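Colleague: Quick one: structure below, then a few questions.
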Amino acid sequence: MAKVEWSTGIDHVSGALSKPSKSGQHSCTKMLLGTHRTAPTTSSDCNRLYLRKQTKRSTPVTAEELAQRLRFKTVAAAVVARSKNLATISQDREDFLEQREEANGAKTLKAYFWRKELESYDASH
């Protein structure tokens, strides 16, 4: 969702301001995308607007892409289930706190769940 802070002019723009719909009804044909960042240059504000035409995929979906989509979908569902599992949440939090300060430790509990579920998925496939 786009975020705009209004002032005398537009100060900050970030995100898609309009998107073409998949069905093509009741929407524009181009995507209007706004970006904002604070840059370490002489000007501290950078705003840009882009228009992008709707594109169609020119190649078929490969088996590898389908496998990656399935992996993501499966792991995402496992992360949600693990975060709501009352039987293991206490132990998960303890394990998370132990590894958080390590060099390659996950910095958030959600990142920890993703790491563990990805490892589990990859080990079983």
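Colleague: Suppose the filter is over 30 Å from Ser14 (Cβ atoms) and not assigned by TED's automatic domain parsing to the domain that holds Ser18; does Ala67 pass it?
Modeller: yes
Colleague: For the range 39-71, which positions are modelled with pLDDT under 75 and closer than 30 Å to Leu118 by Cα?
Modeller: Answer for the range 39-71, where residues must be modelled with pLDDT under 75 and closer than 30 Å to Leu118 by Cα: there is none.
The values are calculated or read from the model by the stated rules, or taken from the named source; none is laboratory data. Since we're looking at a predicted model, the values are computed, not measured. Positions of Cβ are backbone-derived with ideal geometry, glycine not excepted, and every protein chain shown enters the neighbour counts.
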